[in-house]
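Structure first, commentary second.
Laboratory data are not the source of any read-out in this text; all were calculated from the coordinates shown. Note that the coordinates shown come from a computational prediction; the quantities given were computed from them, not determined experimentally. Glycine also receives a Cβ, built like all others from the backbone with ideal geometry; neighbour counts cover every protein chain displayed.
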Amino acid sequence: MNKLFFTIAALAFSIAATTVQAATVHFDSGSAKVKDAREMRHKHKVWVPAHRSHGRLVRGHYVWR
């Protein structure tokens, strides 16, 4: 009787833990960043002159900043 009770309790605990874990959403600091609408509105294209990146020459180009 004791073994049956502990087995059922362990099963219920594992189901509850799995359900809570599935309902929780984990976000990385680098993934799924939500941008504010005001922040996007203030960005504009800026000319970046030619430069070197990792030893390679990068031509001048526009970037959003």
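Only residues that are of a type outside the set (A, V, I, L, M, F, W, C) and surrounded by 10 or more Cβ atoms within 10 Å (Cβ to Cβ) were counted in region 2-17, giving 2. The C-beta contact set for region 53-65 (first residue without any contact (Cβ under 8 Å) to a residue 12 or more places away in the chain, second residue of a type in the set (Lys, Arg), distance under 8 angstrom, 6+ apart or interchain) comprises Val58/Arg52.
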